[in-house]
Amino acid sequence: MSEVASEPTKGGTDPPAKRRWRPRLALQLIPAAVALLLVGAVLGYVFAPRGAGTSDDINASNSTSTQWTCSMHPQIKLPKPGKCPICFMDLIPLESDEGEELGPRQLRLSETAAQLAEVETTPVTRRYAEHIVRMVGKVDYDETKVVDITAWMPGRLDRLYVDYTGTTVRKGDHLVLMYSPELIVAQRELIQAVKSAERIGGLDQELSGSMARSAERKLALLGLLPDQIDAIRRSERPNDHLTIYAPSGGVVIDKAAKQGMYVQTGTKIYTIADLSVVWVFLEAYESDLPWIRYGQDVAFTTEAYPGTDFHGRVAFIEPVLDERTRTVKVRVNVPNPEGKLKPGMFVRATVGSRLAADGRVFDTSLVGKWISPMHPEIVKDGPGKCHVCGMDLVPAEQLGYGVADKAPEMPLVIPATAPLITGKRAVVYVQLPDRDQPTFEGREIVLGPRAGDSYIVQEGLREGERVVTHGNFKIDSALQIRAKPSMMAPEGGAPPPGHQHGEARPSRPENAREQPVEAAHDH
């Protein structure tokens, strides 16, 4: 029977009897395997190294260990230090927000995170905001000192003594020799009136004197000077030519007539500009207008005289903005006694201003002064009249300067790098005092004009508070990622898709526990 059992069957398969013994053998080996496992567990527990714990102890230890995150990408949470898989910055320890509850616009950073983010703060101070406005412009004629030499009667221009433009003339210089039949008639009327007065004598002196004065007035209206009229009375002979003299000195900037031509009453012959005073027209941007006031001193230079500073005062600020250049013209009256400034010269000008809290320009040189509203170069210590135009002087504070009885209040000023400015809003991050760790709060403020590297604050901050001047955008980005209110999302909410940098996160139930992003190291 044993021979039959041991003999293999044809085809290489075991006999049925042998196949019946295999399940029985497996059932008999199971208790032995279980016993060996129990013995191994007991021995491992007894001879385990000191300090080692069970798997439950290890899991508990991992759950309380420090996690590491990126200051730029807080969604990265890893169990050990290293590099951020997105930006490759050094990871920082993740501090839990347990303990004091944070507000919706607040963010707490560890000391290490604040250092790595290079967060810097500056206190809010009160001081006069000083700013230098830089403008460019051109020299032009003083319109009030430009005169036209015209024909006061019909006639013929027999001689032009000034025969080209650019000639400098003085007051009283002869310009034109003119023939006019109308002039001869007017001279004869004067001669007849004088002769009539001599014949009448004392019979009717009032009538004869009135006729002579009327004839003299007519000649004066035709352009004759008193000396010319007296010469006609003495000679008792009419002169068929009239010499036209320059009424003021200056430069002939236009020659509109030619020698020998016939002219009518009012025909322009010359244009003369007095260059002892010139106007400088500057272009001021909209943002520069709060710093510019009537009567301010303006310093400028020209290409022709490098290193030489010229000075003038703001005489006029145009009320209309140029839509093409988005600028406002500012006119400056400049004395030019030596004639160095030529119309058409290009200039670069600067205006230094200090702005008070109420928006007034605080100029110590004009406090308590009185200024002419038409001629700003006229500045006096008390009220009176302008000796140029006769208008009443006005106090400097009416023109936008600081009051005379006391210094104006200083405004709140912060560095220009502190606010994060959108089209309509300005947000700063204020470091909250008396906190164990650096804690920052976002706050919307109202900004005034910019003063160089600073901004004037109208609302939202108090003196002494510390605002973030460097690293504020990183703080704002962290709030955006945490779906808190920030510069770009004032109401809070989920961050824009671009902040995930291509990391697609699968949807999960609200009660699901967020897992650390460990798989990022595999990329």
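Side notes on the structure shown:
- Checklist (1) buried (at least 17 other Cβ atoms within 10 Å of the Cβ); (2) within 26 Å of the chain's Cα centre (by Cα); (3) modelled with pLDDT under 95 applied to residue 467, failing item: (3)
- Which numbered condition residue 263 misses (of (1) of a type outside the set (Asp, Glu); (2) under 15 Å from residue 333 (Cβ atoms); (3) outside the structural domain of residue 341 (by TED's automatic domain parsing)): (2)
- Of all residues in region 330-364 being of a type in the set (Asp, Glu) and loosely packed, with under 15 Cβ neighbours inside 10 Å, the one that is nearest to residue 273 (Cα to Cα): 338
- Of all the criteria given as (1) in the same structural domain as residue 350 (by TED's automatic domain parsing); (2) touching a Leu at 6+ places or on another chain (Cβ under 7 Å), the one not satisfied by residue 229 is (1).
- Checked across region 129-137, the condition of being in contact with a helix residue (DSSP H, G or I) (Cβ under 6 Å, 6 or more places away or on another chain) and closer than 30 Å to residue 316 by Cα holds for at least one residue.
- Filtered by the rule that a residue be small (Gly, Ala, Ser) and out of contact with any Leu (no Cβ under 9 Å at 6 or more places or on another chain), region 248-279 gives 248, 249, 256, 266, 273, 276.
- Top-ranked residue of region 76-103 - restricted to ones that are crowded, with 17+ Cβ neighbours inside 10 Å and assigned to a strand (DSSP E or B), ranked as modelled with the highest pLDDT: 78
- All conditions but one from (1) surrounded by fewer than 13 Cβ atoms within 10 Å (Cβ to Cβ); (2) over 18 Å from residue 104 (Cα atoms); (3) at pLDDT 80 or above apply to residue 497; the one that does not is (3).
- Qualifying residue in region 212-223 (condition: modelled with pLDDT under 85, over 30 Å from residue 143 (Cα atoms), loosely packed, with under 15 Cβ neighbours inside 10 Å and touching a Leu at 6+ places or on another chain (Cβ under 8 Å)): no
- A residue that is out of contact with any strand residue (DSSP E or B) (no Cβ under 7 Å at 6 or more places or on another chain) and either among the hydrophobic types (A, V, I, L, M, F, W, C) or in a loop (DSSP other than H, G, I, E, B) (or both) can be found somewhere in region 435-443.
The values are calculated or read from the model by the stated rules, or taken from the named source; none is laboratory data. Just so it is clear, the structure is predicted and the values come from calculations on it, not from any experiment. Neighbour counts run over all protein chains shown; Cβ positions are idealised from the backbone, glycine included.
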